[in-house]
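Have a look at the structure below, then the notes.
The values are calculated or read from the model by the stated rules, or taken from the named source; none is laboratory data. Keep in mind it's a predicted model, so treat the numbers as computed, not measured. Cβ: placed from backbone, ideal geometry, glycine included. Neighbour counts: every protein chain shown.
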Amino acid sequence: MDTLFHFLFPIIAALASRVHLRHPLRSILLAGIITVLIDVDHFVGIGLERALFHNIFVTFLIPAVLLILSFRFRTSKYVKGFFVLLLIFLSSHLFLDLFTEGPGVALLFPFDTTYYAVNFCLNVPVTSQFVTEACMASSFGVGLFLFFVIIVLPCYYIDEIIEHIGKSRKKAKR
Ligand SMILES: [Zn+2]
């Protein structure tokens, strides 16, 4: 998927969940900007397209560690909210690229350079003068739908997520 889409769509999905009524708009915009930065992969021709930054370490592990650190340093609810958004946006970017036409993504880079992609098409027979079957559900359509859901749902429950992580950290300390 192109970079502009990766910037606009998570923001639109987050706004659809009305997260901006509970968290500052600038957190959503900043998370959106950071999320598209990983697309630098697409533009640098050093043979690491969708690998250098398109992997689970950059898009999941690092934001997850930053989120945990935001609890450790007892930052405000808004800072924690920003890191939840960053985790949602970055990991959903990687998720959608899995379903997008192209080589897929090197999920486990730098430990493994295998590219992973989800590619399918549910064909149904049609009576047309041009084709004999048409694609009713493609991996891209399904991926796009799941992409929307994995952004909207956690954004909608963002305060509950923050509260839950806070409680489990307190329990773990006891
Ligand atoms: Zn990308």
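Within region 46-64, identify whether any single residue is at positive phi and at pLDDT below 90, and answer yes or no.
Looking only at region 46-64, we keep the residues that are at positive phi, and these are 47, 50.
Subset that is at pLDDT below 90: 47, 50.
Yes, that holds for at least one residue.
Do we have residue 60 as more than 18 Å from residue 161 (Cβ to Cβ) and either within 15 Å of the ligand (Cβ to nearest atom) or among the hydroxyl-bearing types (Ser, Thr, Tyr) (or both) here? No: the conditions fail for residue 60.
Cβ separations smaller than 6 Å between residues 6+ apart or across chains give the following pairs from region 1-21 residues that are farther than 13 Å from residue 144 by Cα to residues that are within 11 Å of the ligand (Cβ to nearest atom) and assigned to a helix (DSSP H, G or I): 3/36; 7/36. Residues that are over 19 Å from residue 55 (Cβ atoms) and among the β-branched types (Val, Ile, Thr) were ranked within region 100-127; the one that is farthest from the ligand (Cβ to nearest atom) is 127.
Yes or no: residue 43 closer than 15 Å to residue 7 by Cβ, without any contact (Cβ under 8 Å) to a residue 40 or more places away in the chain and either within 16 Å of the ligand (Cβ to nearest atom) or surrounded by fewer than 19 Cβ atoms within 10 Å (Cβ to Cβ) (or both)? Considered against the rule, which asks whether it is closer than 15 Å to residue 7 by Cβ, without any contact (Cβ under 8 Å) to a residue 40 or more places away in the chain and either within 16 Å of the ligand (Cβ to nearest atom) or surrounded by fewer than 19 Cβ atoms within 10 Å (Cβ to Cβ) (or both), residue 43 comes out as yes. Within region 1-28, the set of residues being more than 16 Å from the ligand (Cβ to nearest atom) and of a type in the set (Ser, Thr, Tyr) comprises 17, 27. One residue stands out among those in region 74-113 that are closer than 20 Å to residue 26 by Cβ and not hydrophobic (A, V, I, L, M, F, W, C): the one that is surrounded by the fewest Cβ atoms within 10 Å (Cβ to Cβ), which is 76.
Would you confirm whether any residue within region 142-154 is without any contact (Cβ under 8 Å) to a residue 12 or more places away in the chain, under 20 Å from the mean Cα position of the chain (by Cα) and under 30 Å from residue 18 (Cα atoms)? Write out each step before concluding.
First pass over region 142-154, keeping only residues without any contact (Cβ under 8 Å) to a residue 12 or more places away in the chain: 145, 149.
Add one more test, that the residue is under 20 Å from the mean Cα position of the chain (by Cα), and what stays is 145, 149.
When the remaining residues are screened for being under 30 Å from residue 18 (Cα atoms), the result is 145, 149.
Looking through region 142-154, at least one residue is without any contact (Cβ under 8 Å) to a residue 12 or more places away in the chain, under 20 Å from the mean Cα position of the chain (by Cα) and under 30 Å from residue 18 (Cα atoms).
Does residue 64 qualify as being of a type in the set (Gly, Ala, Ser) and under 24 Å from residue 17 (Cβ atoms)?
Working: of a type in the set (Gly, Ala, Ser): yes; under 24 Å from residue 17 (Cβ atoms): yes.
Yes.
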